[in-house]
Amino acid sequence: MEKFRKILSKSSRPIKILLMDQEKISGVGNIYANDALFVARIDPRKKAKTLKDTECDKLFNSIGIVLKRGLKYGGASELAYVTPDGSEGKYQEHTLVYGKEEKACPNNCGGMIKKIKLGGRGTYFCPTCQPA
């Protein structure tokens, strides 16, 4: 957890971009970054170094939650990913916010999922649950 906090504290990039930087934090791709930030209730545009320790801890735990969900469903096969046995993963059918633009927030907060571009990638979040 301390190493994770240290990585975040040194970057002024938006947190979602940093999460997808495989040289800094490996294994978190676009789909998982969207969902982990949603679970942690952190705006994906927020500068990584501005996160409080409690937010860093919540995000760290949220990444674990989302990656475990991904494993449960065999990963995400949106592009070309397949499991070792050649089958496609099903996580893309169970995402929390990814790909759900203009749909109701799964937290039933009354908000709608929005889509923006960050680092050239589609970024999905709930402005109500993940305020700036």
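Output yes when any residue across the stretch 98-113 is in contact with a helix residue (DSSP H, G or I) (Cβ under 7 Å, 6 or more places away or on another chain) and on the phi < 0 side of the Ramachandran plot, and no when none is. Yes, the stretch 98-113 has at least one match. The residues of the stretch 1-34 that are of a type in the set (Lys, Arg), surrounded by fewer than 21 Cβ atoms within 10 Å (Cβ to Cβ) and in contact with a Leu (Cβ under 7 Å, 6 or more places away or on another chain) amount to a single one, Lys24.
Taking (1) under 20 Å from Pro127 (Cβ atoms); (2) buried (at least 21 other Cβ atoms within 10 Å of the Cβ); (3) among the aliphatic types (A, V, I, L, M) in turn, Ile63 satisfies each apart from (1). In the stretch 114-132, what residues are surrounded by 16 or more Cβ atoms within 10 Å (Cβ to Cβ) and either free of Cβ contacts under 8 Å to residues at least 12 places away in the same chain or under 9 Å from Phe38 (Cβ atoms) (or both)? Within the stretch 114-132, Tyr124, Phe125, Cys126, Cys129, Gln130 qualify. Could you look through the stretch 106-128, keep only residues that are within 22 Å of Leu19 (Cα to Cα), assigned to a loop (DSSP other than H, G, I, E, B) and modelled with pLDDT of 95 or more, and pick out the one that is nearest to the chain's Cα centre (by Cα)? Residue satisfying both the conditions and the ranking: Cys126.
With respect to (1) under 20 Å from Cys129 (Cα atoms); (2) in contact with a strand residue (DSSP E or B) (Cβ under 6 Å, 6 or more places away or on another chain); (3) free of Cβ contacts under 8 Å to residues at least 60 places away in the same chain; (4) not β-branched (Val, Ile, Thr), the lone exception for Ser12 is condition (1). Is it true that some residue in the stretch 46-54 is in a helix (DSSP H, G or I), touching a strand residue (DSSP E or B) at 6+ places or on another chain (Cβ under 6 Å), on the phi < 0 side of the Ramachandran plot and at pLDDT 90 or above? No. Is there a residue being part of a loop (DSSP other than H, G, I, E, B), modelled with pLDDT of 95 or more and closer than 20 Å to Lys3 by Cβ anywhere in the stretch 60-79? No.
The values are calculated or read from the model by the stated rules, or taken from the named source; none is laboratory data. Everything quoted here is computed from the prediction, not taken from an experiment. Don't worry about glycine lacking a Cβ; one is built from the backbone with ideal geometry, like all the others, and counts go over all protein chains shown.
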